[in-house]
Every structure is written in C-alpha cells, then in structure tokens.
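First up is the structure itself, then whatever we jot down about it.
None of the figures in this text is laboratory data; all of them are computed from the coordinates on show. This structure is a prediction, so every number in the text was calculated from the model and none was measured. Glycine gets a Cβ as well: all are built from the backbone with ideal geometry, and neighbour counts include every protein chain shown.
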C-alpha cells in the first residue's frame, strides 16, 4: 500500500511513496499525530537525484523491520530540500554543529514542537566499521525519549544555544577593500597548483568563486589569479566531471583530479558554469571555453528543456540501481561495439590513448576504493585537430549506443530560482558570445517564469485602498504551481532582469528589476536591510531564518547585494546603494573576514569599490556606424564594471524617465555617437568604430599597467 507521499508532486517524495515507512509530507497532520501520541519525529531531507539518498532508501526505508520500528515509535516526515529550502537550511546547521559536516540525506530527530535533538547525514542500516547503524540508533533514541527526557531537553537546549550563536550577526562598519584582499588571498593560498580547484577532495565546481577571481584579476592584473581560474576551468572540462559524450557537468568530484564524479547533473551547476566559462572566454579568447559554453547550451536544450518552456531541476546519478551506469563504459563493451561495427575502427585504441580507458576500468568505488570494471572518459590534455575530428565521429556513435541504455531519472519539477539563475546566465553568455539563440532563450525563459510563477493579486494599502500586485511561487510540476516564493526566487529573477537589460538594453527590464527589488525588500527584508529566507517563518525555534554564505548557489543576501549595487550603477538611484550600505554593516564581520565563502557578496563589493564605466550609445539622425556595431565592439572586451545604455527613437522617452541623468545625451546629432564616462565625467563623443577600438585598446593597456 502506498503511504501519503503518493499525493505529492515532488519526484523525491513520490520515490518514497511505496516504502513500508508510513511517511508524511511536511504537514499539520504529522505534527498533530506526534503531539497526540507523544512520539518524536523522524525527519529525512533529501532530493530526487541524490545518490546516497537512494542508498539509504534501499538499505533502510525498504527494510520491513526498520520501517515497522519507525511506524511504531516515531512519526516519519519526508522533505524535498529543493521544494522546501527553508526547512533544509533551518536544520542543516544543526547537523553541522553536532557532526562537523553536512550533506544529504539529512536525518533529524526532533520533538513534536520541531525542536531537534539528534542529527546525522547518511546512516547505514546496520553498524559497520565502528559506526552505529540506523537500526541501533532508533532503538537508542526511543529509549532516551521514553526514559531520559532530561537528556532530551538538555540536548535541545545546547543546540538552541549553539544555533543562536551561529546566527548572530553584529552590526559594524561597512567592509573596506581589505575584505576583497582577504578573499583573494584565501584562494591564492588554497589553489591546487596541479589540478585546479581549491582545497582537497572532494572538489566542487563553485564557479561563482572563479567569476570573483576573474574580476579581481581585472582590477589588479595579478597573473596568478587568472592562471588559477584558467587551470581550474580546463581541468574540470577535461576531467570526468564533464560528460564528454552527452555534455553537461556532473555535481562534484570525489577525487582531486576531477576524474571520479558524483554523476547527478544539476540545473544550477550548468547555469553558473556557463557564466564562468563565458566570462573566462571574454578574457582569454580560449577556444575550449567558448566551445564549452555552446556544449552546455546544447545539453540544456536537449535534456533539460521541457515542452512548456521551463527547465527541469536535475538528472539522477543512478540508473538500474547503479551510480554512473548510464555514463561509464567497460573495456569489453567498447571492444564488442567496435567489433560489431557500432564504433569506427580503432576507436578502442583511440579511447585508451586519449580518454584513460583501461582493461580493468579506471572507476573506483567511492567507499571501497576498488576498481568497478567501468571507465569514466576523461582527457589529460586537449585533443589536437586530427584527434578532435576522430573524436567527433566516435562520440556521435557513442551517443547512439548510450541512447539505448536506461536513462537516469529526470527530476522534472521546475523551480523558479534555478530557472531564473539560468536565464541570467543565458543573457550574460548571449551578450558575451554574440549568441542571439542564447539571448533569446533567456528572454523566453523569463517570459515562462512570469506566466507560470507570478499571479496577479490585489494588494491592500494602509489607507484601505488596493492596487495590483504579484504573488510569486517557487515550484511548478504536473500543471500545479505551488509553495510561496522564497527570497532566492525573487533575487535571482531580479538578477535575470538586470542581465537582460545588459543583453538588449530594453528599459522595461530595468523597470521590472526595480519593481521586483522593491517587492523583495518589502516581503523579505527586515529593518536593517537583510533578507529573511521565507515570507512567513512557520518554525519559531531559532528566530527568523537568514542565509548569508554561498553554497552551490549564491545565498539570497549575496545575490541581493549584487543586484542592488548593479541597479545603483545602472540607474544612479541612491536608495539602492543605501540598501547595500545597510546590508554591509549588518554583515560587517562576515563580509570582512569570510569573503571567500560569500563570493557573490564580494562581487557586490567589487562593484562598490572599483571604478565603474558607463557607455552611452546615442542613435544619430543620419546613420553612420550602427549602434549594434558599437555595442558589439564594447562587448568584445572584458569590462565587468561596465554599464552600456542605448538611446534610440524607440526607447529614449522611457529610458530617460527611469534614468533622468541620460537626458543630457539627447542632443540631436547627425551621426550615432558613443560617450565614454568614468570618474563622473565623459570624454569627447566618438563617431567611428576605429576611434572606439582605439579607446578600448587604451583602456585595456591602462588596466594592464596596474
């Protein structure tokens, strides 16, 4: 018999709907039952494409004895962390405090009042290697709950005290430029000089850290910063973290060389990696980086874009019960495919020579470190032109062979925040790479988000009057849009609006960005300019939930700080920088001391301290070089502190209303002109492409002397 989870839309919850565990979703009935029967709550948090979540389900939640014990002595709740990031981010710090690490599946045991007193990540079903299993832990906790309530209360109190210390932010002075220095110093000290990335295994892509370093290089021209970025991007792209056959990046690498990944593919990773490779290409003009951008885009269109216009959340690591089975190849399988003519002649020797294929398999089991017999395709160096042509032929055949395999699960729920982050990235990449297809896809994605996740409502004012407003949501699946938006949803959508303005300079995007920033601050902001994660925090244990540190995706407060300073640099509206000032003072210590963990907030500080450049492109009455040609020249250069405005017959009235300072540039002239403005003054306008190129060359030389 299915449990209550069969009614849920989340693929993760549906995966557990046939478990013998009598799961509840996060709902009132679960807490009512726990209260009435005086039982502790067993809370399990994960996501549909999580490998160790699958392992724990198979080992423990499908085990009849464990399920029976849970059903008798606990009330069990399943939460999809991607649907309810607020619940996950509330309890994850508890696990980090108690165990020293976090991750999924996250296991929390708590009172009916939602007070946690035990936390862990993956737990084996039975004791092994000196580690207790879930079977033993449940019995121990039941005994403590029944006979030692004093211990339970003491654990709750200690967790609450630690949590309050963890989330206390002391107001101080606004961070100075030394915060940026400390952040870049951390990365320079921790970069792996051989394989790229920062720190030791496991290694996560963290592309926003690379973008931060690109911008530090732009300001200081320290070659070591750019070298660490280029090394990391190349090693990730050549390694097993990259799917060489079907494209797209896997979640993270379990080894220091980026060879053995956890194979799930997340939408947010593709979005941020696309952003990082595009910006790095703009600096280096490295062909591999541009190629990677278009290949990520190919993967997104083929495997993650849904028929309704939204993008699915992720693809699983597992298929047929094995992690990586869809992506890996045994030596004998490749040999057989070549003999059957399904691979070109000499394919196996080519793969041995270039892609690390060996008879015994290069893939190691993560737990036992023993060879599995499977091979993860990876490169040690880039292919030359001759080998590249041969690889293209082999790859096309490998795709045909792989299509016949059982595909991993696609988590096809659509999340507003992750899709908005992708829209921002597509707009950035479309602008930098000159790709209209990417840029147009960004616009289409935003149109989908507005239609799907925004609902018009009547907002009541203090004086009793009403005005139209928009209620935003977080998740869409199976025709249902649900769950009130979280701060990340609106912050990332604001970011996407800003990047769309940079892409096509349509003033409507700036109007939307400002309106949404106002709404975000109204819904989520406190009196000190900091964003809470949810509009109404239903769990009152530790006060309001505020996220500051960036994880796999930027935190809401980091992203908002970046959006606000961008809005100030674009519009000149002082209220936006005043909001940044408040936020920086509230997070004074965190931004000043731990910027390497908050790199998107550090990107906001870069915009705050480093000299902005404004380009005002004004359409002339009698033609001359087209405005688009001027803009394309500017976009060829890496100028991350740059803002481009275009004034033409179609938009000038709207744009000057939004940005009154642009009124000064509306003097009618015969030819189109470019104004270069820096340090609150503009140079003589330029009317020719050659003069613009000369100016851009001078700017580049000036920065190279830093």
Exercise. Using Cα atoms only, what is the angle between the long axis of helix 64-73 and the major principal axis of the chain, expressed in degrees (0 to 90) to the nearest 10?
Worked result: 90 degrees
Problem set entry | D_trans [Stokes-Einstein, Kirkwood Rh over alpha-carbon pairs] for region 611-706, 37 °C, 0.692 mPa s, µm² s⁻¹ | 238 µm²/s
Exercise. For the peptides 515-524, 340-349, what is the packing order when you average, over each peptide's residues, the other Cβ atoms within 10 Å and list the highest mean first?
Worked result: 515-524, 340-349
Exercise. Tell me, what is the percent relative contact order of region 340-494, built from C-alpha pairs under 8 Å that lie six or more residues apart?
Worked result: 17 percent
Exercise. Per residue of the chain, what 222 nm ellipticity follows from adding -39500 (n - 2.57) for every DSSP H run with n ≥ 4, rounded to the nearest 500?
Worked result: -15000 deg cm²/dmol
Exercise. Helix 85-99: angle to the longest alpha-carbon principal axis of the chain, degrees 0 to 90, nearest 10?
Worked result: 60 degrees
Problem set entry | More than 21 angstrom apart: percent of Cα pairs within region 327-404 | 26 percent
Exercise. Nearest 10 degrees, 0 to 90: what angle lies between the long axis of helix 267-284 and the longest principal axis of the chain (Cα atoms)?
Worked result: 30 degrees
Seminar exercise, completed: When 650, 16, 220 are ranked with the fewest other C-beta atoms within 10 Å first, the list becomes 650, 220, 16
Exercise. Using alpha carbon centroids, what distance separates region 362-437 and region 39-77, in Å?
Worked result: 32 Å
For this session: Please sort 655-661, 146-152, 22-28 by packing, taking for each peptide the average over its residues of neighbouring beta carbons within 10 angstrom, highest first.
Result: 22-28, 655-661, 146-152
For this session: Quote the FRET efficiency, to the nearest 0.05, computed for residue 204 versus residue 7 with a Förster distance R0 of 41 Å and r equal to the Cβ-Cβ distance.
Result: 0.75
Exercise. Can you give the Kirkwood hydrodynamic radius of the chain from its Cα pairs, in Å with one decimal?
Worked result: 27.2 Å
For this session: Please report the relative contact order for the chain, taking Cα pairs under 8 Å with a sequence separation of at least 6, and give it as a percent rounded to a whole number.
Result: 12 percent
For this session: May I ask you to derive the relative contact order of region 4-166, considering only C-alpha pairs under 8 Å and at least 6 residues apart, and to give it as an integer percent?
Result: 23 percent
For this session: Give the order of 291, 8 when sorted by the count of other beta carbons within 10 angstrom, beginning with the fewest.
Result: 291, 8
Problem set entry | Descending principal axes extents, region 83-194, alpha-carbon based, whole Å | 55, 40, 29
For this session: Sort 605, 415, 351 so that the residue with the fewest other Cβ atoms within 10 Å of its own Cβ comes first and the one with the most comes last.
Result: 351, 605, 415
Problem set entry | region 207-268 and region 537-584: distance between their alpha carbon centers, rounded to Å | 26 Å
